[in-house]
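First comes the structure, then the notes that go with it.
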Amino acid sequence: MTVAPATARFNRADWASAFRNVEQELTRERVQVASGSVPVELDGCLYRNGPGRLERDGHSVHHPFDGDGMITAIQFGAGEAHCSNRFVRTKGWKEEEQAGRFLYRGVFGTQKPGGALANAFDLRLKNIANTHVVRLGDQLLALWEAAEPHALDPESLETRGLSLLDGVLSQGEAFSAHPRFDPGHHGSPRMVTFGVSTGPRSTIRLMEFATQDDPSAAIRAGDLLCDRRDSFNGFAFLHDFAITPNWAVFLQNAVAFNPLPFVMGQKGAAQCLASKTGGQAMFWLVPRESGAYAGEPPRLVPAPEGFVFHHVNAWEENDALLIDSIHYSDFPSIGPEVDFREVDFDSIPAGLLKRCRIDLPSGQCSTELLGDRCCEFAMVHPDHQGLPARFAWMAVAEREQGNDPLQAIQKRDVHTGETQRWSAAPRGFVSEPIMVPRPGSAKEDDGWVLVPVWNGARQATDLVILRADDLQEQAVLELPLAIPHGLHGSWVPSHGLTQPGHG
């Protein structure tokens, strides 16, 4: 097959133009509806997190994942939308704002000015709070998986400071940037999350928090309900996991970590990761304390080769556990000498949707490829998290095969394999879609898909509202902000119950 050059497939200048500093902070600015109308039933707030500061004193971050976190909130009600945004006032952000230059190295390769000599043996990590944002109780949490969350005011977005979650966490303890929201498998909804302590032997701490007040049981939203720790052989690099009523499912990629280039100031910590030659990826199946296997030890199951950042969903079927995930043939990374704005997409493996089926009695795993189109940031209806779901929504590349920037949204019927697509091409580039169910509807694909789109023609960000059933445009909102390509977000209905971000 002949592959068209990247210059013919997408406009690189449009894509790269999103990587810029956000220079303003807005408070409840009314959003212009460019076409269509905002559904009156869409009543709540879309929170988004992602890098908002990508350059200081003429120096750019090496990778956008090293940019300082900025929260965007788009409040919906009565057919209108209002936009606010705030940088997370982390300790490092405040220090660098005052100094006007980079003072910290970045995990993904950003260096302080001065070369390797200035960076060698400086092993401090700046908590950049840039990966996810979720509501838990009366706090909005900006998450970065290598350290504690930052608490923000859900309305004003002002930073309250680091949160140890009422003593649940210790100082500096890792807290995942990828919680899962159990819709009520065991009677009440919960936020399930984890933290990892890595090394030659790694420990996973699995935590479950109440997301609703229950006065009869003296439980408040944000209370810790379950807490267990399990240790495993090998270095754990875990961004995401999946849940079912009985299991927390972790996929330990077969990666090796050589810290020497990081210590010597030559690379960021994440650039020291590489696929482990001859290594065996493993599923770590950790019993949930609220499930049927509570108190039992974890089960270890050999997993397929490759690398996984994100899972779509997991569910139980008789004696089997099924997990849909986005698999890469190798760990995708950007070398120290590469400008991320000029990255060769053809040299980076594409993320492909695959299904792993684990036979629990035998511990055997089989894998099925579900699609050839490059994809990321997939989710199912929030009420089907951990349960069988018929539909999944995800960001995909415009072309059918190969790696490219994400420019379209795909809805997949996981029963039939049928797909529908909405495209922002040629000048639009999508971020993570979030499916918001229509209140009171029992139909799985009745609702909307909210999609931030970098509009290369406008040099700013649009929010596109799609109908979840047929991906037809419901409305296009022209945000008064130019927001860099972002990471994760969540939807919080006006009655305050947290819904998950992507799946």
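Computed from the coordinates by the stated procedures, all read-outs in this text should not be read as laboratory data. The structure presented is a predicted model; accordingly, all values stated were derived computationally and were not measured. When we count neighbours, we look across all protein chains shown, and the Cβ atoms used for this are built from the backbone with ideal geometry, even at glycine.
How high is the relative contact order of the stretch 186-278, given as a whole-number percent (alpha carbon pairs under 8 Å, six or more residues apart)?
RCO, the stretch 186-278: 20 percent.
Taking the mean number of other Cβ atoms within 10 Å as a proxy for protection, how do you rank 30-36, 425-431 from highest to lowest?
Values: 30-36: 14.4, 425-431: 20.9.
Descending mean neighbour count gives 425-431, 30-36.
Given points 7 Å out from each Cα along the Cα-Cβ axis, report the ARG357 to MET264 separation in nanometres with one decimal.
The two pseudo-label positions are separated by 4.8 nm.
Applying the Karplus parametrisation 6.51 cos²θ - 1.76 cosθ + 1.60 with θ = phi - 60° to the phi angles of the stretch 161-166, what ³J(HN,Hα) value in whole Hz is obtained for each residue in order, glycine and proline being reported as x?
Rounded to whole hertz, the list is x, 4, 10, 9, 6, 6.
Between SER37 and ALA217, what is 0.36 nm times their sequence separation minus the Cα-Cα distance? Round to one decimal in nm.
Full extension of this stretch gives 60.5 nm more.
Extending each Cα 7 Å along its Cβ direction at GLU29 and TYR293, get the distance between those two points in nm, one decimal.
Here the modelled spin labels are 5.0 nm apart.
Length gain on complete extension for the stretch ARG12 to GLN98, per 0.36 nm per residue less the alpha carbon to alpha carbon distance? Let's see the in-between values first.
On the way: separation 86, 0.36 × 86 = 30.96 nm, distance 3.34 nm.
Using 0.36 nm per residue and subtracting the Cα-Cα distance, I get 27.6 nm.
With the alpha-carbon atoms as the only input, what is the per residue convex hull volume for the chain in Å³?
147 Å³
If you count, for each residue, the other Cβ atoms within 10 Å and average over each peptide, how do 397-406, 461-470, 44-53 line up from highest to lowest?
Ranking the peptides 397-406, 461-470, 44-53 by packing returns 44-53, 461-470, 397-406.
Return the distance in nm (one decimal) between the two label points of a simple spin-label model at SER329 and ASP372, each offset 7 Å from Cα along Cα→Cβ.
Inter-label distance under the simple model: 1.4 nm.
Okay, helix-only estimate at 222 nm for the chain: each DSSP H run of n ≥ 4 adds -39500 (n - 2.57), divide by all residues, round to 500 deg cm²/dmol; what do you get?
-1000 deg cm²/dmol
Could you grab the relative contact order for the stretch 280-334? Cα pairs under 8 Å, six or more apart, rounded to a whole percent.
29 percent
In the stretch 319-376, if every C-alpha pair distance is counted and binned at 10 Å from zero, what percent goes to each bin?
Going from the shortest bin to the longest, the percentages are 21, 36, 25, 14, 5.
Using the number of other C-beta atoms within 10 angstrom as an exposure proxy, rank ARG9, ARG458 with the fewest first.
Fewest-to-most ranking of ARG9, ARG458: ARG458, ARG9.
Quote the FRET efficiency, to the nearest 0.05, computed for SER188 versus LYS91 with a Förster distance R0 of 35 Å and r equal to the Cβ-Cβ distance.
According to the calculation, E is roughly 0.50.
How about LYS267: which lysines have a C-alpha closer than 25 Å to its C-alpha, ignoring those fewer than 8 places off in the same chain?
LYS91, LYS94, LYS112, LYS126, LYS276
How much length, in nm to one decimal, is gained on full extension between ASP230 and LEU300, taken as 0.36 nm per residue of separation minus their Cα-Cα distance?
On the way: separation 70, 0.36 × 70 = 25.20 nm, distance 1.19 nm.
Length gained, ASP230 through LEU300: 24.0 nm.
Show me the ranking of peptides 62-73, 330-341, 378-389 by mean Cβ neighbours inside 10 Å, starting with the highest. Working shown, then result.
Details: 62-73: 24.8, 330-341: 14.2, 378-389: 22.0.
Ranked by mean Cβ neighbours within 10 Å, highest first: 62-73, 378-389, 330-341.
Starting from the Cα of LYS411, draw a straight line to each of the lysines and keep only those under 27 Å, dropping any in the same chain fewer than 8 residues away.
LYS411 reaches LYS354, LYS443.
For the chain, what is the relative contact order in percent, using Cα pairs closer than 8 Å and at least 6 residues apart in sequence?
Reported relative contact order: 15 percent.
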